[in-house]
1. Which is farthest toward the positive dipole end of the chain among 226, 330, 216, measuring Cα position about the Cα centre, with Cβ charges +1 (Lys, Arg) and -1 (Asp, Glu)?
2. Indicate the gyration tensor shape class of the chain (rounded, prolate or oblate), computed on the Cα atoms with a ≥ b ≥ c the square roots of the eigenvalues: a/c under 1.5 is rounded; otherwise a/b larger than b/c is prolate and the rest oblate.
3. Student exercise: in the chain, how many lysine pairs 8 or more apart or on different chains have Cα atoms under 26 Å apart?
4. Determine, for each peptide in 285-291, 339-345, 92-98, 403-409, the mean count of other beta carbons within 10 angstrom over its residues, then list the peptides with the highest first.
5. Sorted by packing (mean other beta-carbon atoms within 10 Å per residue), highest first, where do 429-438, 185-194 land?
6. Where Rh is the Kirkwood radius over the Cα pairs of segment 118-229, the temperature 25 °C and the viscosity 0.890 mPa s, what D in µm²/s does Stokes-Einstein return?
7. Please arrange 360, 392, 151 by how many other C-beta atoms lie within 10 Å of their C-beta, fewest to most.
8. Karplus couplings for segment 245-259 from phi (6.51 cos²θ - 1.76 cosθ + 1.60, θ = phi - 60°), rounded to Hz, Gly and Pro as x?
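Bear in mind these aren't lab numbers, they're just calculated from the coordinates by the rules spelled out. No experiment lies behind these values; they were computed from the predicted model shown. Here the Cβ positions follow ideal geometry from the backbone for every residue, glycine too, while neighbour counts run over all protein chains shown.
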Amino acid sequence: MKRADGSKLTLRAGVSGRIAEWKMQPYRSFKDGEILGVLQVQPLIIETNSEKKSEFQDPSLGVMFEQMQDSTGLARIIRGQEMDWSEGIGRVLMMLIGFILLYLGIQKKFEPLLLVPIGFGTILTNIPGAGLSEPGGLLYYVYEMGITTGIFPLLIFMGIGAMTDFGPMLANPRTALLGGAAQFGIFATLLGALALNWVPGIDFSLRDAASIGIIGGADGPTAIFLSSQLSPRLLGSIAIAAYSYMALVPLIQPPIMKLLTTEKERKMEMRQLRYVSRREKIMFPLLVLILCGLLLPSAAPLIGMFMLGNLARECGVVDRLSDTMQNALINAVTIFLGLGVGSKLLATQFLNLETLGILILGVIAFAIGTASGVLLAKLMNRLSSMPINPLIGAAGVSAVPMAARVVNHVGLQANPQNHLVMHAMGPNVSGVIGSAVAAGVLLSML
């Protein structure tokens with residue numbers, strides 16, 4: 001515990017007993033006079049003679065039943081409500097949110113691989129008395145060892161790298177610029193988060209704003225990695241916003257794409273991509289890693305793991321490792337990543353105006369990222385003799401491969417012969433690199 005000035009604070013009870021209620025949580029601040037916990041006073045018996053019979057008597061049957069009744073979840077919710085709403089109705093509301101996340105993942109199939117474990121983790125961490133997210137609990141150590149250290153997002157990035165094909169981007173390097181343009185949503189949202197400080201009840205620091213802004217990259221692991229380093233208290237809200245809006249890409253992007261392009265532009269067919277050799281695919285991750293190490297070392301953890309997975313895929317001599325990265329490893333880590341994120345979804349940290357602000361900014365971030373990519377593609381057409389379909393600029397957000405599929409769908413609506421999915425994969429995979437670079441820039445600055 002620390003005071004507001006950063007000095008260490010020690011609690012002393014002055015009596016012996018056992019802790020009946022304990023409201024201390026990581027990263028939570030308390031006001032003067034607020035109850036931190038309840039201590040049930042019990043006599044402390046010290047025996048100096050080991051042969052002396054203990055004076056402690058076994059409790060009566062009535063006392064045991066009373067203690068069992070007090071330990072039930074319902075009793076703890078009622079008792080907690082008397083002290084603080086977040087310990088009573090707040091826990092109930094958060095468990096309902098957990099069930100909603102399960103519904104969205106199972107029934108609606110919105111990013112089920114993440115929303116199902118996040119929803120279940122939310123329910124587990126809000127069960128009163130279970131203590132799963134408190135020191136000594138399973139979810140506490142999952143979060144501390146896997147997310148606080150940044151290990152889980154990095155392992156996820158390695159698996160994503162093993163599933164990524166940079167061939168479309170290497171065949172048409174210009175499309176990499178579209179992935180960079182889509183990152184404007186990150187920095188625009190950062191400014192928007194700071195502007196929300198004018199709203200009473202919202203207080204975002206610059207580090208908070210940077211963590212919120214990364215939602216605009218549409219890259220869940222990067223958002224979790226950056227927020228765990230810069231703003232752990234907002235991790236749950238940021239992760240929910242990032243993955244929810246990634247699932248809603250088919251609803252968010254098409255109206256923006258159609259608004260910014262003409263019917264003629266959407267019908268535009270692109271040339272067949274050239275063949276990319278195996279040597280090129282092997283050299284690319286190595287060159288990117290070297291450039292990252294020389295120019296932006298703070299992004300090396302994300303870029304390094306991403307390129308390691310991609311090299312394992314392309315080199316052709318470690319197929320077993322590549323298969324493990326793509327399947328067993330990333331699946332196992334995804335389970336614990338979701339549970340760890342769910343452990344941070346507490347009423348005090350989620351049921352507030354700041355969460356509403358994050359959700360609103362998430363939509364704006366996706367919209368700006370999509371629009372930036374489309375507008376840059378239109379600008380490139382004015383400056384180049386080899387036109388590209390502006391729709392593929394929308395794939396610059398790093399929701400792989402969903403954004404590329406959305407681009408292909410919109411293109412086919414305008415022209416049934418216009419297959420854009422492989423062309424859109426170029427800016428799509430470059431967007432993954434772009435979001436990691438943006439995270440590295442923010443880490444190095446903050």
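1. 216
2. Prolate is the answer for the chain, as a/c is 1.5 or above and a/b outweighs b/c.
3. 17
4. In descending order of packing, they fall as 339-345, 403-409, 92-98, 285-291.
5. 429-438, 185-194
6. 146
7. Sorted ascending by nearby Cβ count, the order is 360, 151, 392.
8. 6, 4, 5, 9, 3, x, 9, 7, 6, x, x, 5, 4, 6, 5
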